[in-house]
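Contents: one structure, followed by commentary.
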Amino acid sequence: MAERVERIGLGLMLGAVGVVIFGGTLPFTRLAVAGLDPWFVTVGRAAIAGILAALVLLATRRPLPDARSLRILALISLCLVAGFPAFSALAMTRVEASHGGVVLGILPLVTAVIAIRVAGERPSPAFWIAAITGAMIVTGFALRDGIGGVGFGELWLAGTIVSGALGYALSGQLARTMPGWEVISWALMLALPIAIPAAIVLWPSAMARVPESSWWGFAYVTLMSQYLAFFAWNAGLAMGGVSRVSQVQLLQIFVTLIIAAFLNGEQIDAVTWLVAALVVVIVRMASRARTMRG
């Protein structure tokens, strides 16, 4: 019994480590795109993380996935190695990290909606009420400055949410047959034939003009957000249980706000904190709502 409690505690701790790392993604991305082209940030992080993933797969002698798994991995790669990084990098050239963090707070809820459809489940009315309410709150927050205040930044955030949710749902499905770290490793490796040439072409010609802070931001999203965070997060889910440890992700929105305030010097107003808290409550309510198998 004591051993099980200790294992759950370690799982929660690892899950929290993953959440803290993921929470820094938008603030460090904003730091990176301040001096680097967002397209280079996208392909550059994929190339470097992909090379690291390839070395890990070779060192551990993992067998090549079957054809069906490779097809799913290709979709995961499109979503999490291309879509999510590209959309989030473009968004961070238009909106503040704190704003993006609140909007992306609904990501676990959208992931749940997609996962439910993939699993063939019929959500309960309570789940749909929570989902619709959450969408309305986030939409209202995005429109707080009026229709005229909505631009490409909001569209890029929408793309970030859709690509991230689909990628996470597919990863969760595939993680039933292989370790979670292996899923992201293969997804990264599949992107290498495109990522490496693209990174070389888009490599900044005037490196001396790129602020050091942008390189630090690029290093963070490459090594931590794109790859290593998945090791802690997936290990935590395995040790502490998916339903239990996944609740730690509700803290991610606040981690993003805190990091954005210190790292990017953003002023977080009371409305932002209030909306963040409401989003967390809504996601928590949705996660507790039962679903019925269709």
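The values are calculated or read from the model by the stated rules, or taken from the named source; none is laboratory data. Everything quoted here is computed from the prediction, not taken from an experiment. Neighbour counts run over all protein chains shown; Cβ positions are idealised from the backbone, glycine included. Heavy atoms of the whole protein, side chains included, go into the accessibility calculation; ligands, DNA and RNA do not. Shrake-Rupley method; radii C 1.70, N 1.55, O 1.52, S 1.80 Å.
Looking at A175, A131, A142, just one residue is in contact with a strand residue (DSSP E or B) (Cβ under 9 Å, 6 or more places away or on another chain), crowded, with 17+ Cβ neighbours inside 10 Å and at pLDDT below 80, and that residue is A131.
Which residue out of V162, V221 is in contact (Cβ under 8 Å) with a residue 12 or more places away in the chain and under 22 Å from I259 (Cα atoms)?
Numbers: V162 fails: under 22 Å from I259 (Cα atoms).
That would be V221, the only listed residue that is in contact (Cβ under 8 Å) with a residue 12 or more places away in the chain and under 22 Å from I259 (Cα atoms).
Among the residues of the stretch 213-228, is there at least one that is outside any helix (DSSP H, G or I) and open to solvent by 70 Å² or more (accessible area, probe 1.4 Å)? Working first, answer last.
Taking the stretch 213-228 first, the residues outside any helix (DSSP H, G or I) are none.
Looking for residues that are outside any helix (DSSP H, G or I) and open to solvent by 70 Å² or more (accessible area, probe 1.4 Å), one finds none in the stretch 213-228, hence no.
Look at the stretch 175-204: where a residue is closer than 20 Å to W233 by Cβ and without any contact (Cβ under 8 Å) to a residue 12 or more places away in the chain, no partner that is aromatic (F, W, Y) and surrounded by fewer than 18 Cβ atoms within 10 Å (Cβ to Cβ) sits 6+ places away or on another chain with Cβ atoms under 6 Å. Those helices (runs of 4 or more DSSP H) of the stretch 233-294 in which 2 or more residues are within 24 Å of F141 (Cα to Cα), modelled with pLDDT of 75 or more and polar (S, T, N, Q) occupy 252-263. Within the stretch 87-102, the set of residues being open to solvent by 10 Å² or more (accessible area, probe 1.4 Å) and within 28 Å of A175 (Cα to Cα) comprises F87 only.
As for the stretch 10-26, it holds at least one residue that is out of contact with any Phe, Trp or Tyr (no Cβ under 9 Å at 6 or more places or on another chain) and buried (at least 24 other Cβ atoms within 10 Å of the Cβ). Those helices (runs of 4 or more DSSP H) of the stretch 34-140 in which 2 or more residues are more than 28 Å from A198 (Cβ to Cβ) occupy 97-103, 107-119.
From the list L57, L73, L80, L31, the one residue that fits, being open to solvent by less than 40 Å² (accessible area, probe 1.4 Å) and more than 26 Å from T177 (Cα to Cα), is L31.
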